[in-house]
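Some notes on the structure that comes next.
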Amino acid sequence: MAEETIEKVKAAEKEANEIVKKAHSEADTIISEAREKAKKDIENETVKARKNAEEAVLKAVRKGEEEAGAIIMESEEQRKKIREKARSNQDKAVSFVMEQVKNS
């Protein structure tokens, strides 16, 4: 009977060791899979972040181009107004000088 008990204990120890080995193996697999998933998630998030950054840059460039276009148009209008006013004043100045010459 003692021998039978010893055999049962040895079998239980062997089974326990097998369970521990299997648990370690499963833990290693889980850790490996988790690392692989984390690596893929990081890669995916990096791609998303890069894409979002590129879109933000393109959006900013488009906005800048639109604003620059508006500023150029406004500047062109101001330039035309200044030129017209200068021409108007030029005609007045010529008339004034001619009048001064005539009266002298």
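Every number here is computed from the coordinates shown, using simple stated rules; none is lab data. All values reported here derive from a predicted model rather than from experimental measurement. Glycine also receives a Cβ, built like all others from the backbone with ideal geometry; neighbour counts cover every protein chain displayed.
Worth pointing out:
- Across segment 43-63, the number of residues qualifying as hydrophobic (A, V, I, L, M, F, W, C) and over 8 Å from the mean Cα position of the chain (by Cα) comes to 4.
- From the list Lys37, Lys8, the one residue that fits, being free of Cβ contacts under 8 Å to residues at least 60 places away in the same chain and under 31 Å from the mean Cα position of the chain (by Cα), is Lys37.
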